[in-house]
1. Within the group K66, K153, K88, which residue is buried (at least 21 other Cβ atoms within 10 Å of the Cβ), of a type outside the set (D, E) and modelled with pLDDT under 95?
2. Under 9 Å by Cβ, and 6 or more places apart or on different chains, what pairs join a residue from segment 294-313 that is in contact (Cβ under 8 Å) with a residue 60 or more places away in the chain with one that is open to solvent by less than 80 Å² (accessible area, probe 1.4 Å) and basic (K, R)?
3. Just a yes or no: is a residue in segment 4-25 assigned to a helix (DSSP H, G or I), touching a Leu at 6+ places or on another chain (Cβ under 6 Å), at pLDDT 85 or above and within 29 Å of D145 (Cα to Cα)?
4. Looking at segment 129-143, can you tell me whether even one residue there is in contact with a helix residue (DSSP H, G or I) (Cβ under 6 Å, 6 or more places away or on another chain) and either loosely packed, with under 15 Cβ neighbours inside 10 Å or assigned to a helix (DSSP H, G or I) (or both)?
Amino acid sequence: MMMTKSAPQPTKVDSDKDKDMDDDPSLVYQRPEVAEAFVNIRDTIPMAKEQIDTMIRIIRHFHIQKIQQQQQQQQQQQQQQQHGNTTKQMITMRWLDLGCGDGPLANRLLQEFPESHGTLVDHSQPMLDLAKTKLQGYSEKNDLDFQLGDFSKGDFLKRGGDDDDDINNNNNTKFDVIVSGFAIHHVPDSRKRTLYQQIFNLLEPGGVFLNMEHVASPTSDIEDIFEGAFCDSMYNAYQQRQSSSSSSSSSLEDKGKGEPAAAKIRSEVEAAVKHDLSVDAEANILAPVEAQCEWLRDIGFAHVDCYFKIFILALFGGVKPQENSS
């Protein structure tokens with residue numbers, strides 16, 4: 001996950017957790033206040049909407065192909081059964097959101113595919129609680145399953161209520177779509193590769209995997225350019241909030257004092273971005289997007305590509321080949 005807001009200073013009560021966080025910096029997101037801070041600034045990530053729009057476009061394209069093939073298979077089976085039931089079976093989408101956070105990707109999937117069913121996994125209980133609250137209108141209708149799980153380990157997913165189910169077992173329930181947003185970069189590269197294999201095994205033939213991710217930059221200059229773009233995005237978001245809430249009071253003492261105030265706010269944004277990107281860097285284990293795409297090809301994914309990239313952010317993935325596909 002990417003942070004641009006200063007994490008609260010730890011209290012004595014947090015001392016035991018802090019020791020764990022020294023061993024695994026990504027555990028910082030298990031703090032409720034840090035989870036909420038991340039949520040509050042996530043929409044200021046440069047071109048976040050365009051990344052998700054691209055994700056939905058890819059899912060829709062390959063899911064339609066998958067449905068068409070399933071319908072053809074149903075018709076062929078019915079033709080072979082002279083007295084069989086000719087009623088078409090309903091085909092619904094099942095998706096998995098890895099490192100779901102408060103559910104932004106899940107929310108968009110539910111908006112675009114209202115009859116779909118989803119499983120949301122995160123290692124942070126505060127994040128899962130936020131997701132449950134934001135998606136409570138969908139929970140019953142869409143059979144949403146919220147799971148506390150750590151995908152840095154092999155047994156992160158509970159299947160059918162049986163904790164002993166092995167997610168490498170091809171007989172388990174499969175997913176049509178698996179997505180992840182700014183989460184997998186917290187695990188070592190060796191685990192990334194085994195996780196991608198597990199994802200492949202969890203997909204139905206024709207299923208889509210898409211990872212919206214923080215990736216390694218080829219140079220420090222590219223990182224600096226992204227940092228500037230992030231500052232611009234945050235500052236513009238702040239200005240929009242201020243202009244849309246003219247009756248609200250600002251927490252900044254010098255609001256409304258013209259250019260000096262604007263310069264001060266801008267410098268504060270830059271300082272916050274520099275500080276929190278450096279803090280988040282302790283939990284990051286970044287890999288080049290080109291290498292990760294090659295890992296997916298080696299596993300057997302088709303249509304592998306980096307579909308969208310802006311500096312150190314990339315949307316990449318692939319499709320599990322259809323059975324008997326030519």
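1. Answer to the check: K66.
2. Qualifying pairs under 9 Å: W295/K192; G300/K320; F301/K320.
3. No, there is no match, as no residue in segment 4-25 is assigned to a helix (DSSP H, G or I), touching a Leu at 6+ places or on another chain (Cβ under 6 Å), at pLDDT 85 or above and within 29 Å of D145 (Cα to Cα).
4. no
Every residue, every condition in (1) at pLDDT 75 or above; (2) open to solvent by less than 30 Å² (accessible area, probe 1.4 Å); (3) under 30 Å from T194 (Cα atoms), yes or no:
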{"site": "Y235", "(1), (2), (3)": "yes, no, no"}
{"site": "S251", "(1), (2), (3)": "no, no, no"}
{"site": "E270", "(1), (2), (3)": "yes, no, no"}
{"site": "H275", "(1), (2), (3)": "no, no, no"}
{"site": "S278", "(1), (2), (3)": "no, no, yes"}
{"site": "P288", "(1), (2), (3)": "yes, no, yes"}
{"site": "C306", "(1), (2), (3)": "yes, no, yes"}
{"site": "I310", "(1), (2), (3)": "yes, yes, yes"}
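The values are calculated or read from the model by the stated rules, or taken from the named source; none is laboratory data. Since this is a predicted model, take the numbers as computed values, not measurements. So basically every Cβ, Gly included, is an ideal-geometry build from the backbone, and we count neighbours across all protein chains shown. Each accessible area value is taken on the protein alone, full model and side chains, heavy atoms only, with ligands, DNA and RNA left out. Shrake-Rupley method; radii C 1.70, N 1.55, O 1.52, S 1.80 Å.
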